[in-house]
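Visitor: Pasting a structure here, questions to come.
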Amino acid sequence: MSSLNIISVRPQWQQELAQSISDPTELGAFLRLPESWTAQNQTARELFPLRITRYFASLMKPGDIHDPLLLQVMPNQAEFEQKEGFVADPLEEQSGDHAGILHKYKSRVLVILRGGCAINCRYCFRRHFPYQDHHFGRTQLQQLVELIQSDEAINEVILSGGDPLMANDDQLFKVITALEALPQLKRLRIHSRLPVVLPSRLTEELARRLQVSRLQTILVIHANHPHEVTNTLKGALARWAQHDITLLNQSVLLAGVNDSADTLADLSEALFDAKVIPYYLHQLDKVAGASHFAISDERARELEQQLRARLPGFLVPKLVREIAGEASKTPL
């Protein structure tokens, strides 16, 4: 009797992820960028590797070295500049009591669920984070449960990373089930860049599981520019919205990417069309290697005022900075 061979088919999002680009030369060829420009920025990949999905790369304008999406991901020689105040751990997260668990705020606990991401953003405040020391597995899940049970003030869990949606659905189901068993919890928040750079990650199966959870679910996506809010993303988010999942967005203010009122206003409008509420506009966290993205607080406030003059209040994200040790985000 012949044996039956069972072929395991990976979900679409994992197949797309496997085709990601990690070589600046390949990205340069894909976008028909000047070879000399690509070559001069090659060495910056030693500081922080390049990683980008082909979907996100397809949103960039071929031949344009100033494309706002390209600037977020392409290694840049400016990353070698050492500027005062820009450090490896700007939010002082790397020495917590529990690996993979950060109790930064009184009522919320943050989990570094997965260290990897589908895209390496050059401004990422965790670009130097030692993810290898913060693996989140069965032991860490039990520690999380015990931490929550020991502090009745905790009523919300934030899944972060890296990117928590790099975990597969089965892994997420186990975490969700464990958290649902804790009666003090009210909300589950998922912070993820994956919907923007890999919309196929928003699976119907995960949405259905979250809908039946007793925990109110909030998905906070991370889009910085209106070109990122495509019809593909809008369709995926619309399906999740039908499953009673609250959709928010947080952006980072980045020089050369979105530091204009027109761009930020267009982003807010595009997000609302996608059923997403603009939530936070972050001033850049001062992480080493990202100083070329920084703009002044004065300019940031000017942009916020311009947005208030042209948009309804619910489309104006809160302009904030995160300061290590503070009890909440700090308004500018």
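The values are calculated or read from the model by the stated rules, or taken from the named source; none is laboratory data. Note that this is a predicted model, so its numbers are computed, not measured. Please note: Cβ atoms are built from the backbone with ideal geometry, for glycine as well, and neighbour counts cover all protein chains shown.
Visitor: Could you tell me whether the stretch 120-139 includes any residue that is more than 23 Å from ALA207 (Cβ to Cβ) and either in contact with a His (Cβ under 7 Å, 6 or more places away or on another chain) or not assigned by TED's automatic domain parsing to the domain that holds GLU205 (or both)?
Guide: no
Visitor: Sort out which residues of the stretch 214-238 are hydroxyl-bearing (Ser, Thr, Tyr) and over 26 Å from ASP262 (Cβ atoms), and write them in order of number.
Guide: THR217
Visitor: Can you tell me how many residues in the stretch 7-35 are modelled with pLDDT under 95 and under 25 Å from PHE80 (Cβ atoms)?
Guide: 0
Visitor: Determine which member of the set ASN231, ASN249 is in contact with a Pro (Cβ under 9 Å, 6 or more places away or on another chain) and in the same structural domain as LEU307 (by TED's automatic domain parsing).
Guide: ASN249
Visitor: Which residue out of CYS117, CYS124 is closer than 21 Å to VAL196 by Cα, touching a Gly at 6+ places or on another chain (Cβ under 7 Å), at pLDDT 85 or above and assigned to a loop (DSSP other than H, G, I, E, B)?
Guide: Going through CYS117, CYS124 in turn, just one is closer than 21 Å to VAL196 by Cα, touching a Gly at 6+ places or on another chain (Cβ under 7 Å), at pLDDT 85 or above and assigned to a loop (DSSP other than H, G, I, E, B): CYS117.
Visitor: I would also like to ask the following. Only residues in the stretch 79-91 that are surrounded by 11 or more Cβ atoms within 10 Å (Cβ to Cβ) count as the first member; pair them with residues that are among the aromatic types (Phe, Trp, Tyr), Cβ under 8 angstrom, at least 6 apart or cross-chain, and list the lot.
Guide: Close Cβ pairs satisfying both conditions: GLU79/PHE48; ASP89/PHE129; PRO90/PHE125; LEU91/PHE125.
Visitor: To continue, here is another question. Say we look at the stretch 45-69 and pick out the residues that are touching a residue at least 40 places away in the same chain (Cβ under 8 Å) and not in a loop (DSSP other than H, G, I, E, B); which of these is nearest to ILE323 (Cα to Cα)?
Guide: The residue in question is ILE52.
Visitor: Going by what's in this entry, would ALA241 be described as closer than 25 Å to LEU159 by Cα, surrounded by fewer than 19 Cβ atoms within 10 Å (Cβ to Cβ) and small (Gly, Ala, Ser)?
Guide: yes
Visitor: Residues of the stretch 304-326 being surrounded by 13 or more Cβ atoms within 10 Å (Cβ to Cβ) and within 30 Å of GLN94 (Cα to Cα), which ones?
Guide: PRO317, LYS318, LEU319, VAL320, ARG321, GLU322, ILE323
Visitor: For the stretch 96-118, indicate whether the set of residues that are closer than 28 Å to PRO226 by Cβ, aliphatic (A, V, I, L, M), touching a helix residue (DSSP H, G or I) at 6+ places or on another chain (Cβ under 9 Å) and assigned by TED's automatic domain parsing to the domain that holds PRO164 is non-empty.
Guide: For the stretch 96-118, residues closer than 28 Å to PRO226 by Cβ, aliphatic (A, V, I, L, M), touching a helix residue (DSSP H, G or I) at 6+ places or on another chain (Cβ under 9 Å) and assigned by TED's automatic domain parsing to the domain that holds PRO164: present.
Visitor: Within the stretch 258-274, take every residue that is in contact with a helix residue (DSSP H, G or I) (Cβ under 7 Å, 6 or more places away or on another chain) and among the small types (Gly, Ala, Ser) and give me the one that is surrounded by the most Cβ atoms within 10 Å (Cβ to Cβ).
Guide: The qualifying residue surrounded by the most Cβ atoms within 10 Å (Cβ to Cβ) is SER268.
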